[in-house]
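Engineer: My questions all concern the structure below.
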Amino acid sequence: MARRTPKTRGTVPARAAGLRTPSWVGWLFVAPALAVYAVFVLRPIVLTFQYSVYRWDGIGSSTWVGLGNYGKVFTDPDLFATILNAVKLIVFFSLIPVVLGLVIASTIRRIAASRLALAARTVLFLPQVIPLVAAGITWSWLLSSTGLVNQLLSHIGLGGVTRAWLGDFSTALPAVGVIGAWVLLGLCTILLLSGMSKIDPALYEAARMDGAGPIREFVSITVPSLRQEIGVCVTVTVIAALASFDIVYVATQGGPGNATMVPGLEIYYLAFSERQVGTASALAVVLMVLVIVVAIPIQWLTKDRTS
């Protein structure tokens, strides 16, 4: 007679099926990541809040000033101007890359089967691979008074508009914005192109049968279907504009004057050059709050409400 096997529940022995893993075991797996996050993210944020209510040079004794440093951020014209400069950069860092990214991604989708589409994706994504320091130096050469941009303008008869684009008070900030737009355009294009690949082709076929043209397809199908992807692009690029540092530091160092000074660069100068750690911390807190205030509504407005 064959030996009877023990009764099982599915593929797990009945005896083992009743065992449960304690809930605290899961926390053991995430504990190392939580510890690193607490030490390198949460602790610096708490210390920044603490430093922002003191007048401190980073070495000697500190003096309690309460909200005095925050008042200085909003009343000092130079400090408040850095926030305004960052807000202006949103047009270049966010609006231009997202709008152009939509147009370019839609064009690439139409020629997806050709080699030109692959080459376009590679070229557009190239700025994401190049270090921002190298990109800033290269653009500084291109936009200098004797750079390639001015040489091309002179060659086509527009020598009267040539100038040191990063050294002119009226064009320095837009020039920095152009660099930022160039850097972020590829990222937005690839993200939006990835989202377009998930759109049902039947929607476009139905639209064509109804007589819709490319522009109507783009407005009525492509853009509404990319709600979440557009939200991600806008969030990432807006944060990049508000928290910009490396491109500005390499290209202009905040000059000429304070024409391109942004909060991230001002925080660096205040803390490490002028030894005003309290004021720098207050500006950092204001910048963090500004990023949160701007990012949360964007996420809410672009949230997928179909699920």
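Engineer: Among the candidates Gly159, Gly177, Gly167, single out the residue that is more than 30 Å from Leu270 (Cβ to Cβ) and either surrounded by 16 or more Cβ atoms within 10 Å (Cβ to Cβ) or in contact with a helix residue (DSSP H, G or I) (Cβ under 7 Å, 6 or more places away or on another chain) (or both). Steps first, please.
Structural biologist: Working: Gly177 fails: more than 30 Å from Leu270 (Cβ to Cβ); Gly167 fails: more than 30 Å from Leu270 (Cβ to Cβ).
Checking each option against the conditions leaves just Gly159.
Engineer: Within region 112-156, track down each residue that is out of contact with any helix residue (DSSP H, G or I) (no Cβ under 7 Å at 6 or more places or on another chain), of a type in the set (Val, Ile, Thr) and in a helix (DSSP H, G or I).
Structural biologist: Of the residues in region 112-156, the ones out of contact with any helix residue (DSSP H, G or I) (no Cβ under 7 Å at 6 or more places or on another chain) are 112-116, 118-119, 122-123, 129-131, 134, 138, 141, 144-146, 150-152, 154-156.
Cutting the leftovers down to of a type in the set (Val, Ile, Thr) gives us 122-123, 129-130, 138, 146, 156.
Within region 112-156, Thr122, Val123, Val129, Thr138 meet the criteria.
Engineer: Now for a separate question. From the set of residues in region 226-264 that are among the hydroxyl-bearing types (Ser, Thr, Tyr) and crowded, with 20+ Cβ neighbours inside 10 Å, which is nearest to Ser170 (Cα to Cα)?
Structural biologist: Going through region 226-264, the residues among the hydroxyl-bearing types (Ser, Thr, Tyr) turn out to be 235, 237, 244, 249, 252, 260.
Next, from what is left, pick out any that are crowded, with 20+ Cβ neighbours inside 10 Å: 237, 244, 252, 260.
On the way: Thr237: 23, Ser244: 19, Thr252: 13, Thr260: 10 Å.
Step by step, filter region 226-264, then rank; the result is Thr260.
Engineer: Right, another one. If a residue has to be in a loop (DSSP other than H, G, I, E, B) and more than 19 Å from the chain's Cα centre (by Cα) to count, how many in region 255-307 make the cut?
Structural biologist: Here is the first cut: in region 255-307, the residues in a loop (DSSP other than H, G, I, E, B) are 255-262, 273-276, 302-307.
Now restrict to residues that are more than 19 Å from the chain's Cα centre (by Cα): 255-259, 273-276, 304-307.
Residues in region 255-307 being in a loop (DSSP other than H, G, I, E, B) and more than 19 Å from the chain's Cα centre (by Cα): 13 in total.
Engineer: Also, I was wondering about something else. Name every residue in region 215-235 that is touching a residue at least 60 places away in the same chain (Cβ under 8 Å) and of a type outside the set (A, V, I, L, M), in order of residue number.
Structural biologist: Scanning region 215-235 gives Phe218, Thr222, Arg227, Gln228, Gly231, Cys233, Thr235.
Engineer: Could I ask something else about it? Looking only at region 40-72, count every residue that is over 24 Å from the mean Cα position of the chain (by Cα) and either aromatic (Phe, Trp, Tyr) or assigned to a helix (DSSP H, G or I) (or both) and tell me the total.
Structural biologist: Step one: filter region 40-72 for residues over 24 Å from the mean Cα position of the chain (by Cα), giving 47, 50-72.
Next cut, either aromatic (Phe, Trp, Tyr) or assigned to a helix (DSSP H, G or I) (or both) only: 47, 50-51, 54, 56, 64, 68-72.
Residues that pass the stated criteria total 11.
Engineer: Turning to a different aspect of this structure: When you go through (1) without any contact (Cβ under 8 Å) to a residue 24 or more places away in the chain; (2) touching a Leu at 6+ places or on another chain (Cβ under 7 Å) one by one for Leu143, which number turns out not to apply?
Structural biologist: (1)
Engineer: Just to be sure I understand, how many residues within region 184-235 are out of contact with any Phe, Trp or Tyr (no Cβ under 7 Å at 6 or more places or on another chain), acidic (Asp, Glu) and at pLDDT below 90?
Structural biologist: 3
Engineer: Looking only at region 73-120, filter to residues that are within 19 Å of the chain's Cα centre (by Cα) and of a type outside the set (A, V, I, L, M, F, W, C); which one of those is farthest from Leu193 (Cα to Cα)?
Structural biologist: Here the answer is Thr82.
Engineer: So for region 204-218 (the condition being in a helix (DSSP H, G or I), among the hydrophobic types (A, V, I, L, M, F, W, C) and within 26 Å of the chain's Cα centre (by Cα)), does at least one residue qualify?
Structural biologist: Yes, because at least one residue in region 204-218 is in a helix (DSSP H, G or I), among the hydrophobic types (A, V, I, L, M, F, W, C) and within 26 Å of the chain's Cα centre (by Cα).
Engineer: Moving on to the next point. Could you say which residue among Leu283, Leu270, Leu203, Leu290 is within 24 Å of Ala181 (Cβ to Cβ) and aliphatic (A, V, I, L, M)? Before the answer, list the steps.
Structural biologist: Numbers: Leu283 fails: within 24 Å of Ala181 (Cβ to Cβ); Leu270 fails: within 24 Å of Ala181 (Cβ to Cβ); Leu203 fails: within 24 Å of Ala181 (Cβ to Cβ).
After applying the criteria, what remains is Leu290.
Engineer: A further question follows. Only one of (1) of a type in the set (S, T, N, Q); (2) within 23 Å of the chain's Cα centre (by Cα); (3) exposed (fewer than 10 other Cβ atoms within 10 Å of the Cβ) fails for Ser23. Which number is that?
Structural biologist: Going through the list (1) of a type in the set (S, T, N, Q); (2) within 23 Å of the chain's Cα centre (by Cα); (3) exposed (fewer than 10 other Cβ atoms within 10 Å of the Cβ), Ser23 breaks only (2).
The values are calculated or read from the model by the stated rules, or taken from the named source; none is laboratory data. All figures in this text were calculated on a predicted structure; none of them were measured in a lab. Reconstructed Cβ throughout: ideal geometry from the backbone, glycine too, with neighbour counts over all protein chains shown.
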